[in-house]
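Everything below concerns the one structure shown next.
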Amino acid sequence: MRVHAQSAGRRGRGLFSELAVAYLFFGGAGAGACVVLGVLECANIGRYGALPSGRASGVMRACSSRWARRLRVPHELLSRGWVLCLILLGAGSLCLLADAGRPERAAALWLAPRFSVVTVGAWALLASSVAAAFFAAASNGLGARLRPAPVLAAAIFAVATGFVAAAYTGVLLGSLPSVLAYRTGVLPILFLLSSLSCGAAVVFVAASLVDSRLPFGSALRRLGCADRVIILAEAALLALFVGGQLADGAMRAGASALIAGDGAVLFWVVLVLGGLAAPFVLEWGYPMGDGRVKGLWIAFCILMGAAALRAGVVGLAAFDISQTPELAFQLAAAMPG
């Protein structure tokens with residue numbers, strides 16, 4: 001039986017506004033950038049003054065000697081990268097606040113008396129924004145006055161808070177019990193991997209804006225290799241997620257519409273080909289050749305795929321039988337017996 005999902009789509013879209021989808025994208029991309037840039041800060045901690053002597057400098061010297069050789073990047077890359085990260089996190093925060101509507105609802109995101117996923121995510125987003133603002137300021141004039149020890153602590157803090165904020169974008173959807181399509185542990189991991197890939201994309205954009213005599217192709221190659229692993233894992237989890245939707249009769253309508261219906265172009269062309277396959281292939285030769293242009297293309301493909309992923313997943317709610325009673329009745333009528 002062919003299920004008429006047009007009215008279901010109109011009803012299901014009421015669950016999420018365009019601002020919510022924009023928050024999932026900007027917040028996830030900014031959080032992923034916070035993680036990747038935080039790791040690079042740990043590897044390049046030597047750019048903040050002289051390393052101290054004594055036992056307390058053991059960790060910092062290890063970072064400076066082992067990591068710096070493989071992940072050494074110029075100061076300008078980190079400077080521009082943190083500014084981009086702060087812009088993404090700021091855009092995500094604005095979308096979250098605007099989606100909340102009234103001021104008291106916005107304040108409740110951080111001041112709610114009860115522990116909840118929303119509260120943790122809001123605080124993680126705020127903490128990531130603070131860390132990004134700190135490094136954006138430190139990289140654009142204040143770094144010479146800072147000592148390596150507190151900067152290293154701030155970098156570790158940025159990685160931790162960015163990781164939580166990136167995972168939260170998927171956990172938020174999974175915490176909605178009213179949507180059957182989101183009741184899977186695959187979704188938070190899928191969104192987390194996508195956010196980390198977006199973080200690599202932000203670094204590629206920053207690298208394309210840098211004109212430095214310091215060779216840093218090795219760091220970009222290693223980041224590209226890491227991102228290819230992330231893309232492979234993301235593709236596998238995406239297949240697992242869609243396969244699980246198709247295997248369940250209550251969620252099959254949404255998955256079918258995504259891969260063979262109105263969402264097929266978004267899924268196959270924008271997400272799979274443009275967002276996963278294209279950057280995976282382009283990263284094989286990166287940054288050889290015209291690294292600037294190639295880096296921008298890789299970043300564009302990754303970010304485009306991340307936006308398509310979130311739009312497609314959010315769109316599944318439009319076909320959920322728990323949100324569309326008429327669809328549930330049609331499915332029940334089609335069952336034999």
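The values are calculated or read from the model by the stated rules, or taken from the named source; none is laboratory data. Just so we're clear, the structure is a prediction, and the values are computed from it rather than from any experiment. Glycine also receives a Cβ, built like all others from the backbone with ideal geometry; neighbour counts cover every protein chain displayed.
Key figures for this structure:
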| read-out | value |
| --- | --- |
| Test: residue in region 24-33 that is more than 25 Å from the chain's Cα centre (by Cα) and either at pLDDT 85 or above or within 25 Å of ARG222 (Cβ to Cβ) (or both) | no |
| Residue list for region 209-236, filter: surrounded by fewer than 20 Cβ atoms within 10 Å (Cβ to Cβ), part of a helix (DSSP H, G or I) and either among the small types (Gly, Ala, Ser) or out of contact with any Lys or Arg (no Cβ under 7 Å at 6 or more places or on another chain) (or both) | GLY217, SER218, ARG221, CYS225, ALA226, ARG228, VAL229, LEU232, ALA233, ALA235, ALA236 |
| Condition broken by GLY199, with the remaining ones in (1) closer than 16 Å to LEU78 by Cβ; (2) modelled with pLDDT under 95 satisfied | (2) |
| Scope region 121-144; condition surrounded by fewer than 16 Cβ atoms within 10 Å (Cβ to Cβ), in contact (Cβ under 8 Å) with a residue 12 or more places away in the chain and farther than 18 Å from GLY38 by Cβ; matching residues | ALA144 |
| Scope region 184-203; condition assigned to a helix (DSSP H, G or I) and among the hydroxyl-bearing types (Ser, Thr, Tyr); matching residues | SER194, SER195, SER197 |
| Candidates GLY274, GLY305, filtered to the one that is of a type outside the set (A, V, I, L, M, F, W, C) and buried (at least 22 other Cβ atoms within 10 Å of the Cβ) | GLY305 |
| Test: residue in region 118-132 that is at pLDDT 95 or above and more than 17 Å from the chain's Cα centre (by Cα) | yes |
| Selection count where residues are exposed (fewer than 10 other Cβ atoms within 10 Å of the Cβ) and of a type in the set (Asp, Glu), scope region 97-116 | 1 |
| Of residues in region 215-241 being without any contact (Cβ under 8 Å) to a residue 24 or more places away in the chain and farther than 19 Å from GLY295 by Cα, the one farthest from the chain's Cα centre (by Cα) | ALA239 |
| Qualifying residue in region 269-277 (condition: over 19 Å from ALA317 (Cβ atoms) and of a type outside the set (A, V, I, L, M)) | yes |
| Exclusive hit being part of a helix (DSSP H, G or I) and either modelled with pLDDT under 95 or small (Gly, Ala, Ser) (or both), set GLY289, GLY337, GLY305 | GLY305 |
| Set ALA250, ALA206: member being crowded, with 22+ Cβ neighbours inside 10 Å, touching a residue at least 40 places away in the same chain (Cβ under 8 Å) and not acidic (Asp, Glu) | ALA206 |
